[in-house]
Amino acid sequence: MTKYEVIFKDIRKKIENGTFPVNAKLPTEPELGDQYKVSRITVKKAIDQLVAEGLVIKRRGAGTFVKGLSEQEGRLSPQINGLFNAIDKSKIKSEIILFEIIPAGQEVAGKLNILADDFVYHIIRYRYGEPNWHTLDFCYMPILLIPGLKKEHLYGSIYEYIEKTLRLRI
């Protein structure tokens, strides 16, 4: 296991067991470097992994904070997930109505627990399939947490891209 993985797992464990509670500010990268006796770059890599997993958020000029999401917030509802899994995915079609990158703004930032000037993907898709199934998806996704999303990913499952390509937990 690499040094950054050891740090990542240790901090994740501390978040999970409440040593670092919701909204707590983590020590700075130099402080963590001293604590773990590693370079700042190694600490940054561990923190970036925590950001990618949605456990912490970096606020420019303020520090890194434990995200305030409850266990179920930000996850797919079991009912929606069950409905989607009950449908033959090979028969689902998607039309991309809108795919743009915009600043989050106050309302979206508040819901995603990010800063108003952080950038998000703004996505609107019309999805349909048989028998008589259709839905209109409106979503905002933080670029910091979901890097590299492209229009081609929107024709399939965005969540599959997040889980299989980015190897993030939803």
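For region 38-45, the Karplus equation 6.51 cos²θ - 1.76 cosθ + 1.60, evaluated at θ = phi - 60°, returns couplings of 9, 6, 5, 5, 5, 5, 4, 4 Hz by residue, with Gly and Pro reported as x.
Relative to the Cα centre, the charge distribution of the chain, modelled as +1 at Lys and Arg Cβ and -1 at Asp and Glu Cβ, gives a dipole magnitude of about 440 debye. Accessible area per residue for the chain, computed on protein heavy atoms with a 1.4 Å probe, is 63 Å².
Would you mind computing, in nm to one decimal, how far apart the modelled labels at K37 and A116 are, each placed 7 Å from Cα along Cα→Cβ? Result: 4.6 nm between the two label points. What separates the Cα centres of region 32-65 and region 93-170 is a distance of 25 Å. By the rule of a C-alpha distance below 20 Å, with chain neighbours fewer than 8 residues away ignored, the aspartates and glutamates paired with K150 are E53, E95, E100, D118, D137, E160, E163.
Residues F65, F138, F99, ordered by accessible area of protein heavy atoms at a 1.4 angstrom probe radius and largest first, appear as F138, F99, F65.
Between the beta carbons of N23 and I124, assuming R0 = 25 Å, the FRET efficiency works out to 0.20 to the nearest 0.05.
By the scheme Lys and Arg +1, Asp and Glu -1, what is the net charge of all other residues having a beta-carbon under 13 Å from that of F99? Intermediate results must be reported in sequence, preceding the final value.
Numbers: positive: R125, K150, K151; negative: E95, E100, D137, E152.
Net charge around F99: -1.
Here is the P(r) of the chain: all C-alpha pair distances, binned every 10 Å from 0, give 9, 33, 33, 18, 7, 1 in whole percents. Please report, as a whole percent, how much of the solvent-accessible surface of the chain comes from carbon and sulfur atoms (probe radius 1.4 Å). Summing carbon and sulfur atoms, their accessible area is 54 percent of the total for the chain. Working ranking of peptides 44-50, 31-37 by packing, defined as the average number of other Cβ atoms within 10 Å per residue, highest first, is 44-50, 31-37.
Site pair D10 and E152 shows an inter-label distance of 4.1 nm when each label is modelled 7 Å from Cα along Cα→Cβ. Less than 5 angstrom separates the built amide H of V56 from those of V51, K67, all sequence-distant by 5 or more or on a different chain.
The values are calculated or read from the model by the stated rules, or taken from the named source; none is laboratory data. Quick caveat, the model's predicted, so the values are computed rather than measured. Cβ sites come from the backbone with ideal geometry, for glycine too, and all protein chains shown count toward neighbours. Ligands, DNA and RNA are excluded from the accessible area calculation, which covers all protein heavy atoms including side chains. Shrake-Rupley method; radii C 1.70, N 1.55, O 1.52, S 1.80 Å.
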